[in-house]
Amino acid sequence: MKLMRCPLNGERNISEFVCGGEVKAMPDPDKASDADWGRYLFFEDNPDGEIVEWWLHAPSSYWFIARRDTRTEAVLETMTVQEWRERQGTVGSGQAQGQSADSQAHGAQGTNG
């Protein structure tokens, strides 16, 4: 059985999780064209190697971030949205409830789960 560590619930069966796609910057809603939105919503980079993705623990509806190797399918690390934002230096950027626009779009729970 393949396990994945949820930052909120600990190690769980991989069947309890849903991948939400790669973490990427959302276009500026006031300046983005339809083509920009189309690329953001429907196209993925699909790199050969390490990728950072949104993941959902479905039973608890908890969104978090995972680093995964696409060559081996190994999950290298999981972290809360807050931990990811701290690494990226985006904490305190003025987003509502301490969440990035991406985490709000994905329904992420931020630090309070």
Quiz item: Residues in segment 12-43 that are over 18 Å from the mean Cα position of the chain (by Cα), assigned to a loop (DSSP other than H, G, I, E, B) and not basic (Lys, Arg): how many?
Solution: 5
Exercise. Residue by residue through segment 1-34, note down the ones that are exposed (fewer than 11 other Cβ atoms within 10 Å of the Cβ) and over 18 Å from ASP45 (Cα atoms).
Key: MET1, LYS2, GLY10, GLU11, ASN13, SER15, ASP28, PRO29, ASP30, LYS31, SER33, ASP34
Practice problem: Identify the single condition in (1) under 24 Å from PHE17 (Cα atoms); (2) modelled with pLDDT of 95 or more; (3) charged (D, E, K, R) that LYS31 does not satisfy, given that it satisfies every other one. | Solution: (1)
Quiz item: Conditions: (1) surrounded by 15 or more Cβ atoms within 10 Å (Cβ to Cβ); (2) in a loop (DSSP other than H, G, I, E, B); (3) among the charged types (D, E, K, R). ARG67 meets all but one. Number of the miss?
Solution: (2)
Quiz item: Which one of these is modelled with pLDDT under 95, of a type in the set (S, T, N, Q) and over 12 Å from the mean Cα position of the chain (by Cα): ASN9, ASN46?
Solution: ASN46
Quiz item: Which numbered condition trips up GLU53, out of (1) in contact with a Phe, Trp or Tyr (Cβ under 9 Å, 6 or more places away or on another chain); (2) assigned to a strand (DSSP E or B)?
Solution: (1)
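The values are calculated or read from the model by the stated rules, or taken from the named source; none is laboratory data. As the structure is a computational prediction, the values presented were derived from the model and not from experiment. Because the Cβ atoms are built from the backbone with ideal geometry, glycine has one as well, and the counts that use them run over all protein chains shown.
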